[in-house]
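All remarks here apply to the structure that follows.
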Amino acid sequence: MHARNSDLPEQPPDGNVIMMGYFDGVYAIWVREIIVFMREKERVISAVVTPLMWIFAVGGGLGASVQIDGMSYQTFMFPGIASMAILFGSIFYGMYIIWDRKLDFLKEVLVAPVPRTAVFLGKMLGGVSDALMQVTVLLLIGLAFGFVTSLPALLLAIFFSAIIAMCMVSLGLIIGANMKSPEGFNLVMSFVMWPMFMLSGALFPVENLPAYINIIVTINPLTYGVDLMRLALLGTSQFGMLYDIGILCFATLVFAYIGSKSFERMQI
Amino acid sequence: MNEKLAISIEKLAKHFGALHAVDGISLTVHEGEIFALLGPNGAGKTTTISMLTGLLAPTSGSANVAGFDVGREPLRVRQQIGVVFQQPSVDDLLSGRENLEMHALLYNVPAKGRKERIDEMISLVGLTERQHARIKEYSGGMRKRLEIARGILHRPKVLFLDEPTTGLDPQTRQHIWEYIRKMSKLEGTTVVFTTHYLEEAEQFAERVAIIDHGKIIATGKPHELVEELGGDTIILRAKKAKEVAAKIKKMAFAKSVKVDGEMISAIIANSHKNLPKLLRVLSGIESIEIRPATLNEVFIKYTGKGIREDSAEGGFWERMMNPNNR
């Protein structure tokens, strides 16, 4: 006989026996996400088209009169737009949890005898895989247009993309797990995605900025992602590789922790 | 009958604020038994199932399912059970087979023999030919069959079915029950289901519990509960129904007299002798019908109303899924 205030059954006492199935669970969810991604062509197409619009419409138009550090504006913004693709892809991916709820598929996963951290991990791996596929397509297009200049640069950019994606997908999953209905979608666009993109140095160098912008740029983890991508593709970095990776990994840990907690709280 | 218990519930309760969704129920289910929880919408059936499947912590009381306490070891309980929800929960974007493969991974079905087990389950529910089609292309009945196959794929000791046949046509309902029965016999699985189709409980359950307003008001084998009524149902139509009903109530052999507009229903003991007596006393009867009593009359006897009368649609799931009601 025991009473509790929470509606949630606690997990730990039987945790250790379940560990055997932990990685099977992670794997199952990961594979599901990849299959779904490959089948939902609309997601892939929109994920690549939006960045291309930025590069060719905004970059092309602005580039006619703007140059940065002696390079064309398009060349300068390409790493930033690749980072944007990761950001948008990851946050959208996180918000797809709402669709999972609508499809009722989420119930099957939440009822399964798999710890919620495994569910989170599987979802995160799935999101990172999706984001990497998207950004790779974009980088290959960049290679064709000369924004990506060498194969090593391409491979390094893909590697850095994985680090950025882990961070952004974790953030997306926090949002998705706490959103109850698709109505919050526009709020997330306005208050998370656009500010993170605009104030990350994706569109302009982050030196000598007004103080109020500088604060946001400094605490925005995507800033360090953009910096990494620029290091891979242009060979220049504002903060240095280790600093960038350190900040991103720290943010990933924090987001993954909050995300796992959010998953544990998720009700059927 | 096997006397080992698959489920034992003691004073289990769940309160949502002032609402006592489940109000201290005690119950046992034997291993291998097919057991029905019967009650109108909102009676507490789904909330009970949620607690028994470890998805919802009880406010008080305890329940042991397949040897584990649902409050303390929900994950272990979940490994021992299969659940088929009221609402579909298969993944639309995957094929039928892929859904089962994923389930096998989530429920730790050993890699050796996994493929064969999936084949076996698919053929049990007659979906072999459609196994590679996406769920999107499945009909409602096919989805339900797949969910049942999935529910038993990992050889659960107890299978919970929450309103398994709601919204399905009669033919599909019949098929689904045949599968469930076959599977229960084949694997010795205990089956607990909720329904508000009384005839379904009467036909397929070995034992039923009638639940209303969060309390269990009767348990037993369906035919025993019906026999306890001690009579047949008569349904009369009369213009002055209230007056006629008052006269019937005075008769010692009449029970559960109920008026609904011009319709009067009652249970009459030894109807072959007593009905003529009754008719001699009554006047103004327009029509009369007599038939054997069913669980519906049992339900009316205990609750004073028919099972589908106050159907405020939507149980626990609906409430939890609706963001406005949290």
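Between the range B:4-76 and the range B:189-257, what's the alpha-carbon centroid distance in Å?
If we compute the Cα centre of each part, the gap is 24 Å.
What number, in percent, do you get for the relative contact order of chain B if the mean sequence gap of Cα pairs under 8 Å and at least 6 apart is divided by its residue count?
20 percent
From the phi of every residue in the range B:201-212, what ³J(HN,Hα) in whole Hz does the Karplus formula 6.51 cos²θ - 1.76 cosθ + 1.60 yield, where θ is phi - 60° and glycine or proline is x?
These are the phi-based 3J(HN,Hα) values: 5, 4, 7, 10, 8, 7, 9, 10, 10, 9, 10, 8 Hz.
Within the range B:86-156, list the trypsin sites (Lys or Arg not before Pro) lying in a DSSP loop whose Cβ has at most 11 other Cβ atoms in a 10 Å radius.
Answer by residue number: B:Lys112.
Between A:Ile45 and B:Lys136, take the C-beta separation as r, use R0 = 22 Å, and let me know the FRET efficiency to the nearest 0.05.
The value I calculate is 0.65.
For labels at B:Glu289 and A:Asn208 in the simple 7 Å Cα→Cβ model, what's the distance in nm?
With each label placed 7 Å out from Cα toward Cβ, I get 9.1 nm.
Go ahead and run the numbers for FRET between B:Val281 and B:Glu10, Cβ-Cβ distance against an R0 of 51 Å, rounding to 0.05.
Details: r = 49 Å, r/R0 = 0.96.
The computed FRET efficiency comes out at 0.55.
Using alpha carbons only, how many degrees (0 to 90, rounded to 10) separate the axis of helix A:241-265 from the longest principal axis of chain A?
Tilt of helix A:241-265: around 30 degrees.
With an 8 Å cut-off on Cα pairs and a minimum separation of 6 or more residues, tell me the relative contact order of chain A in percent.
Working: 318 pairs, mean separation 67.7, N = 268.
After rounding, I find 25 percent.
A:Met38 label point, 7 Å along Cα→Cβ, cut-off 19 Å on backbone N: hits in the range A:132-172?
Those under the cut-off are A:132-138.
Taking GluC sites (Glu not before Pro) as exposed when DSSP calls them loop (any state but H, G, I, E, B) and at most 13 other Cβ atoms lie within 10 Å, what is the longest stretch of chain B free of them, the sites themselves excluded? Before the final figure, lay out the partial values.
Working: sites that count: B:Glu3, B:Glu309, B:Glu313.
Formally, the longest exposed-site-free interval is B:4-308.
With a cut-off of at most 14 other beta carbons within 10 Å, and DSSP calling the residue loop, which trypsin sites (Lys or Arg not before Pro) in the range B:152-253 qualify? Please list them.
Listed in order of number, the matching sites are B:Lys239, B:Lys240, B:Lys250.
Expressed as a rounded percentage, what relative contact order does the range B:133-285 have, with Cα pairs under 8 Å and six or more residues apart? Each step should come with its number before you reach the end.
Details: 166 pairs, mean separation 23.1, N = 153.
Contact order relative to length: 15 percent.
Mark the label point 7 Å from the Cα of B:Gln171 along Cα→Cβ and return the residues of the range B:123-150 whose backbone N is within less than 17 Å of it.
B:126-127, B:139-145
Can you flag which of B:Lys215/B:Lys250; B:Lys136/B:Lys182; B:Lys250/B:Lys273; B:Lys185/B:Lys301; B:Lys4/B:Lys185 are past 23 Å Cα-Cα? Kindly include the intermediate steps, with their values, before the conclusion.
Details: B:Lys215/B:Lys250 31 Å; B:Lys136/B:Lys182 27 Å; B:Lys250/B:Lys273 17 Å; B:Lys185/B:Lys301 33 Å; B:Lys4/B:Lys185 16 Å.
Those over the limit are B:Lys215/B:Lys250; B:Lys136/B:Lys182; B:Lys185/B:Lys301.
Please give the net charge around A:Gly89, taking every other residue with its beta carbon less than 11 angstrom from that of A:Gly89, where Lys and Arg add +1 and Asp and Glu add -1.
The answer is 0.
Could you state the angle between the C-alpha long axis of helix B:114-124 and the longest principal axis of the C-alpha atoms of chain B, as a value from 0 to 90 degrees rounded to the nearest 10?
Once rounded, one gets 30 degrees.
Return the percentage of antiparallel bridges among DSSP beta bridges fully within chain B, rounded to the nearest 5 %. Intermediate results must be reported in sequence, preceding the final value.
Numbers: 40 of 58 bridges.
Roughly 70 percent of the beta bridges in chain B run antiparallel, per DSSP.
Mind listing the Cα extents of the protein assembly as shown along all three principal axes, in Å, largest one first?
111, 53, 48
With springs connecting C-alpha atoms under 10 Å apart, model chain A as a Gaussian network and identify which of A:Ser161, A:Ser46, A:Ser170 has the largest mean-square fluctuation.
The residue that fluctuates most here is A:Ser46.
Using DSSP, restrict attention to beta bridges with both residues in the protein assembly as shown and report what percent are antiparallel, rounded to the nearest 5.
Details: 42 of 60 bridges.
Of all bridge pairs located within the protein assembly as shown, approximately 70 percent are antiparallel.
Which distance in Å, rounded to a whole number, links the C-alpha centroids of the range B:114-148 and the range A:30-62?
So the separation of the two Cα centres works out to 33 Å.
Laboratory data are not the source of any read-out in this text; all were calculated from the coordinates shown. Just so you know, these numbers come straight off a predicted model, no measurement behind them. So basically every Cβ, Gly included, is an ideal-geometry build from the backbone, and we count neighbours across all protein chains shown.
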